[in-house]
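Novice: The structure's right below; bear with me while I get my questions together.
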Amino acid sequence: MLSIETRDCPVASECASCGRRRKLTVREVETDAGAACVTVCESCADRGELPPVSPFVAPMCVEAHRAHLGLAGVRS
Ligand SMILES: [Zn+2]
Ligand SMILES: [Zn+2]
C-alpha cells in the first residue's frame, strides 16, 4: 500500500526508527514545519512507529519533501 504523497520520495538505506535495511517504505509525517517524509521499514510503518523529526531539521525535511511532491518554491 503506497501513499500517493510519498510516491516520488527517495527511500533511505535504513529504517529511521529501528535501523532495519529490508522492506523499507516512505511515510509522510507531520512536523511543526509541515508535512515531511521518513523512511521506515514495513513493521514500523504497520505499528505506526514513525520517528519524530527534530525541530532543527524539520524545515529542511519539509522543504525536501515539497520538492519530492513537485511543490518546491510554492508558498502555502
Ligand atoms: Zn523499522
Ligand atoms: Zn518526501
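Novice: Compute the projected area of the convex hull of the Cα atoms of the chain, averaged over all viewing directions, and report it in nm² to one decimal place.
Specialist: Hull-based average projected area comes out at 4.9 nm².
Novice: Using a 10 angstrom Cβ neighbour count of at most 16 plus a DSSP loop assignment to flag exposed trypsin sites (Lys or Arg not before Pro), which longest range of the chain is free of such sites? Don't jump to the answer; show the numbers that get you there.
Specialist: Numbers: sites that count: 7, 20, 21, 22, 23, 75.
Here the longest run is 24-74.
Novice: Could you state the angle between the C-alpha long axis of helix 58-68 and the longest principal axis of the C-alpha atoms of the chain, as a value from 0 to 90 degrees rounded to the nearest 10?
Specialist: Result, in degrees: 90.
Novice: Okay, moving on. Top mean-square fluctuation among 17, 43, 54, Gaussian network model of the chain, C-alpha springs under 10 Å?
Specialist: Of 17, 43, 54, the Gaussian network model singles out 54 as fluctuating most.
Novice: What number, rounded to the nearest 500 deg cm²/dmol, is the helix-based mean residue ellipticity at 222 nm of the chain, given -39500 (n - 2.57) per DSSP H run of at least four residues and division by all its residues? Intermediate values should be presented prior to the final figure.
Specialist: On the way: 2 runs with 17 residues, N = 76.
Computed mean residue ellipticity for the chain: -6000 deg cm²/dmol.
Throughout, read-outs are computed from the coordinates displayed, never taken from laboratory work. Because the structure is predicted, anything quoted here is derived from the model rather than measured. Cβ: placed from backbone, ideal geometry, glycine included. Neighbour counts: every protein chain shown.
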